[in-house]
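**Q** What follows is a structure written as structure tokens; I'll ask about it next.
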Amino acid sequence: MEFNKTWQDMLEQLKTWARVNSPWAIHFNSGSCNGCDIEILATLTPRYDMERFGLKLQGSPRHADVLICTGPVTRQARDRLIRIYEQMPDPKFVIAVGSCALSGGAFQGCYNILGGIDQVLPVDVYVPGCPPRPEAIIDGVVKLLEQLKAGYQPAARRSGVLRPVPVPVTDAG
């Protein structure tokens, strides 16, 4: 009995170590002006080098651990966003990047805008700014990784429904 529990604990520690040191992300633009997209791509360049934290951008949601969302949720993008989120393996984490992803931003109140990402998906980390600087995006990723080390559960698992439990990130710009 004791050996089995020790084995389970070691396996969980190994999974946490792998999740923290090698998160794979997928980026989804749900209808923004592309300012946040440019900043996300800037974080991947050698100048900011987000890969030093192990984060790798993936093309398939089936391989991603982290969903990085930009822009307000439009009526057209809502179903695609939910489908991508559901295709991701558990545990999955969501980072909302930019003012539009947080609240709808400049597009809030438009006929085709449902609101921020948290109106559709549970968000784990919010990164404010219009557009947020690469340092702020990196700060959001680092805060998520620090919380994973501490045993953080994804917002979807904590809440049981598609409702957000926010983690604020300061704007580094």
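**Q** Relative to the first principal axis of the alpha-carbon coordinates of the chain, what is the inclination of helix 134-149, with its axis defined by its Cα atoms, in degrees from 0 to 90 and to the nearest 10?
**A** Its long axis makes an angle of about 30 degrees.
**Q** Which residue, chosen from 94, 35, 18, occupies the Cα position most advanced towards the positive end of the dipole of the chain, where the dipole is computed from +1 (Lys, Arg) and -1 (Asp, Glu) charges on Cβ about the Cα centre?
**A** Value computed over the given set: 94.
**Q** Where is the GNM fluctuation largest for the chain (alpha-carbon springs, 10 angstrom cutoff): 153, 13, 119?
**A** 13
**Q** Counting other Cβ atoms within 10 Å of each Cβ, which trypsin sites (Lys or Arg not before Pro) in segment 1-107 have at most 12 and sit in a DSSP loop?
**A** 47
**Q** Working from Cα positions, state the angle (0 to 90°, nearest 10) between the long axis of helix 2-21 and the longest principal axis of the chain.
**A** Its long axis makes an angle of about 30 degrees.
**Q** Oh, and also: Which number do you get for Rg(Cα) / (2.2 N^0.38 Å) in the chain?
**A** Cα Rg divided by the expected 2.2 N^0.38 Å: 1.04.
**Q** Okay, next question. What per residue convex hull volume, in Å³, comes out for segment 1-64 when only alpha-carbon positions are used?
**A** 97
**Q** Report, to the nearest 10°, how far helix 75-87 tilts away from the longest principal axis of the Cα atoms in the chain, using its own Cα long axis and a range of 0 to 90°.
**A** Around 10 degrees separate the two axes.
**Q** Here's a follow-up. Which of 118, 79, 65 ends up with the largest GNM mean-square fluctuation for the chain, with Cα atoms connected below 10 Å?
**A** Maximum among the listed residues: 79.
**Q** In the Gaussian network model of the chain, springs joining C-alpha atoms below 10 Å, which of 85, 48, 111 carries the largest mean-square fluctuation?
**A** Sorting by GNM fluctuation, first place goes to 111.
**Q** 222 nm [θ] for the chain, helices only, -39500 (n - 2.57) per DSSP H run of 4+, per residue, to 500?
**A** -12000 deg cm²/dmol
Read-outs throughout are calculated quantities, based only on the coordinates presented, and are distinct from any laboratory measurement. Here the structure is a predicted model, which is why all the values come from computation and not from measurement. Neighbour counts are summed over all protein chains in view; Cβ atoms, including those assigned to glycine, are modelled from backbone coordinates with ideal geometry.
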